[in-house]
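J.: I'd like to ask you about the structure that follows.
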Amino acid sequence: MNAERGNKAEVDEPALWLSVKQILTQGSVPRASVRGWVAGKAGVGGIVFLILRDGTGYLQVSAKKGVASPEVLEGMRNVPRESVVRVKGTAREDKRAPGGVELVAEEFEVLSKAEPWPITKTAVKSASFLYDMRHLSIRGRKAVATMKIRAEVIGAAFDFFRGKGFTLISAPSFVQAAVEGGSTLFEVEYFGKKAYLSQSAQFYEEAALAGLEKVWICQPAFRAEKSRTAKHLTEFWMIEAESAFADQEANMRLQEELVASLVDRVLERRGDELQTLGRKLLKIELPLERIPYDAILGASRSQGVPFERGEDIPAEAERLVSLSKSAPFFVTEFPLSARSFYHMTYEDRPEVTMSADLIAPEGFGELATGGQRIAEYYPLLQRIKSQDLPTEAFSWYLDLRRFGMPFHSGFGMGVERVTRWVAGLKNIRSASLFPRTMTRVSP
């Protein structure tokens, strides 16, 4: 018999194959079989303990001398970390075990033996090394917890928009015009023509309004921002929505209801993952606070972070205000000079836009940006010309206003930024399975 195969049964009983979560939930299970990765190992006297991981959780497995066969005991003692194994035995409740359940091994088999694990305690101290080894480091408890929270955020968004009557659409990633400014476009050669990677699906969502009225997307976006900060990625996922017959106030209500729904879902379903990350996430009470841009300007100047009216809010000013809050809040009424060309302005204040940023508390910063769009042809054409933008590049976008466009609004929310805040992560890179930044395109 292969030394790595201990007392293997000739025929497995499919009905007995269980996930770690199923075993933890049931507590006591006779002759349970489970497969997974060896996440940890320890030995005390004549007892060997393994921590077995699968996609649903972690389970303690034990083998005791005199009870388990010598082959099972030896196999568990010698198996390298991260090897894939199969264990069959009896699950029993044990308060001393992680999760309160222990599997007493009766059979043990190594399905895929791992080489010595390269991520040592010394290496863990190097963030750069961990991201060089991201294809392996994502197996860690915190990385797994973060990705499950991220998946919950996205899943909750799907349910939220479905409940609100929105239709999910897809938009091109190759485009010919900027949505958020030409300086952050990734240029690509497209069969002899110049094209760019999409910064946002907004224009295509607006085009879909005439047929679907309320639409949303969840797909990648690309920004060539030369920023080495804790909240910037060059490739990330966006939740974006556009609604016909919705003004900016309705737009903000939709955003705050969405973020409250996401938090509720994570609190309901991902409490263990939050605990793994040491995150105390608070339930959100609505409505969220609205703070005018000018109030932020004044507060920032008083705290020694001055900036000129008409500029976008600097990251440090945004962080200082955010640190004083325990819940997300909106910054409203941005100057036109700090916003993209398509934003509507107030009739009595043509220099102020009907737009807002949704800011996370505790210093995490911006989660979403949104506003009411210009719905009429000539005002939009005039805005494009006044900002010296290429009219031809926006010809089809202008066409939408010629063939029946009601007042409408929308927003874009970064999935990784929301995940970073919800999970309490220091850096947005941790919110991406394989992050892309100015200096990283591998693995």
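J.: State all residues of region 167-198 that are farther than 19 Å from S340 by Cβ and in contact with an Asp or Glu (Cβ under 9 Å, 6 or more places away or on another chain); if no residue qualifies, say none.
T.: If the condition is that a residue be farther than 19 Å from S340 by Cβ and in contact with an Asp or Glu (Cβ under 9 Å, 6 or more places away or on another chain), then T167, I169, K194, A195 are the ones that fit.
J.: Collect the residues in region 374-410 that are in a helix (DSSP H, G or I), among the β-branched types (V, I, T) and surrounded by 12 or more Cβ atoms within 10 Å (Cβ to Cβ), keeping them in residue-number order.
T.: Once the filter is applied, which keeps residues that are in a helix (DSSP H, G or I), among the β-branched types (V, I, T) and surrounded by 12 or more Cβ atoms within 10 Å (Cβ to Cβ), region 374-410 yields only I384.
J.: Just a yes or no: is a residue in region 300-308 surrounded by fewer than 17 Cβ atoms within 10 Å (Cβ to Cβ), of a type in the set (A, V, I, L, M), part of a loop (DSSP other than H, G, I, E, B) and without any contact (Cβ under 8 Å) to a residue 40 or more places away in the chain?
T.: Checked against the condition, which is being surrounded by fewer than 17 Cβ atoms within 10 Å (Cβ to Cβ), of a type in the set (A, V, I, L, M), part of a loop (DSSP other than H, G, I, E, B) and without any contact (Cβ under 8 Å) to a residue 40 or more places away in the chain, region 300-308 yields no hits at all.
J.: May I pose another question? Taking the condition of being part of a strand (DSSP E or B) and open to solvent by 10 Å² or more (accessible area, probe 1.4 Å), how many residues in region 340-353 meet it?
T.: Residues in region 340-353 being part of a strand (DSSP E or B) and open to solvent by 10 Å² or more (accessible area, probe 1.4 Å): 5 in total.
J.: So S243 passes all but one of these: (1) more than 16 Å from the chain's Cα centre (by Cα); (2) open to solvent by 30 Å² or more (accessible area, probe 1.4 Å). Which condition number does it fail?
T.: Condition not satisfied by S243: (2).
J.: Sticking with this structure for a sec: Looking at (1) touching a His at 6+ places or on another chain (Cβ under 7 Å); (2) in a loop (DSSP other than H, G, I, E, B); (3) not aromatic (F, W, Y), which one does G371 not meet, given that it meets all the others?
T.: Every condition holds for G371 apart from (2).
J.: Please go through region 219-231 and give me each residue that is out of contact with any helix residue (DSSP H, G or I) (no Cβ under 6 Å at 6 or more places or on another chain) and within 15 Å of A368 (Cβ to Cβ), ordered by number.
T.: Correct list: A221 only.
J.: Pull up region 179-207, narrow it to residues that are of a type outside the set (S, T, Y) and open to solvent by less than 20 Å² (accessible area, probe 1.4 Å), then point me to the one that is farthest from L389 (Cα to Cα).
T.: E205
J.: Counting only residues that are assigned to a helix (DSSP H, G or I) and open to solvent by less than 30 Å² (accessible area, probe 1.4 Å), how many does region 155-177 have?
T.: So the count comes out to 5.
J.: Residues A171, A178, A208, A246: which one is touching a Leu at 6+ places or on another chain (Cβ under 7 Å) and closer than 22 Å to R373 by Cα?
T.: A178
J.: Is it the case that region 285-298 has a residue that's under 18 Å from the mean Cα position of the chain (by Cα) and of a type in the set (F, W, Y)?
T.: no
J.: Out of all the residues in region 224-231, is one or more modelled with pLDDT under 95 and farther than 18 Å from N427 by Cα?
T.: yes
J.: Looking at region 290-299, which of the residues that are open to solvent by 40 Å² or more (accessible area, probe 1.4 Å) and not in a helix (DSSP H, G or I) is nearest to P98 (Cα to Cα)?
T.: Here the answer is R290.
J.: Separate question: How many residues are among the hydroxyl-bearing types (S, T, Y) and open to solvent by less than 40 Å² (accessible area, probe 1.4 Å) if we restrict to region 356-373?
T.: Residues that pass the stated criteria total 0.
J.: Condition first: open to solvent by less than 50 Å² (accessible area, probe 1.4 Å) and charged (D, E, K, R). Now tell me which residues in region 251-274 satisfy that.
T.: The answer is E256, R265, E273.
J.: To continue, here is another question. Just to be sure I understand the filter: pairs with C-beta atoms under 7 Å, separated by 6 or more residues or on different chains, first member in region 413-432 and open to solvent by less than 10 Å² (accessible area, probe 1.4 Å), second member of a type in the set (S, T, Y) and not in a helix (DSSP H, G or I). Which pairs pass?
T.: Qualifying pairs under 7 Å: E416/S432.
J.: For S337, state whether it is in contact (Cβ under 8 Å) with a residue 24 or more places away in the chain, in a helix (DSSP H, G or I) and open to solvent by 10 Å² or more (accessible area, probe 1.4 Å).
T.: yes
J.: While we're on this one: Residue check: is I217 open to solvent by 20 Å² or more (accessible area, probe 1.4 Å) and hydrophobic (A, V, I, L, M, F, W, C)?
T.: Against the criterion (open to solvent by 20 Å² or more (accessible area, probe 1.4 Å) and hydrophobic (A, V, I, L, M, F, W, C)), I217 does not qualify.
J.: With the condition kept exactly as written, say whether any residue in region 275-289 is modelled with pLDDT under 95, open to solvent by 60 Å² or more (accessible area, probe 1.4 Å), outside any strand (DSSP E or B) and of a type in the set (D, E).
T.: No.
J.: I would also like to ask the following. Taking only region 12-35 into account, find how many residues are part of a strand (DSSP E or B), open to solvent by 60 Å² or more (accessible area, probe 1.4 Å) and at pLDDT below 95.
T.: Final tally of qualifying residues: 2.
J.: In region 224-240, is there at least one residue being touching a Pro at 6+ places or on another chain (Cβ under 8 Å), within 20 Å of L288 (Cα to Cα) and open to solvent by 20 Å² or more (accessible area, probe 1.4 Å)?
T.: Looking through region 224-240, none of the residues is touching a Pro at 6+ places or on another chain (Cβ under 8 Å), within 20 Å of L288 (Cα to Cα) and open to solvent by 20 Å² or more (accessible area, probe 1.4 Å).
J.: Do we find a residue being open to solvent by 70 Å² or more (accessible area, probe 1.4 Å) and either charged (D, E, K, R) or within 20 Å of E416 (Cα to Cα) (or both) anywhere in region 98-106?
T.: yes
J.: Quick check on my filter: what residues within region 411-434 are hydroxyl-bearing (S, T, Y) and not in a helix (DSSP H, G or I)?
T.: S432
J.: Among (1) part of a strand (DSSP E or B); (2) more than 22 Å from S200 (Cα to Cα), which single condition is A356 missing?
T.: Looking at each condition in turn, A356 falls short on (2).
The values are calculated or read from the model by the stated rules, or taken from the named source; none is laboratory data. No experiment lies behind these values; they were computed from the predicted model shown. Neighbour counts are summed over all protein chains in view; Cβ atoms, including those assigned to glycine, are modelled from backbone coordinates with ideal geometry. Ligands, DNA and RNA are excluded from the accessible area calculation, which covers all protein heavy atoms including side chains. Shrake-Rupley method; radii C 1.70, N 1.55, O 1.52, S 1.80 Å.
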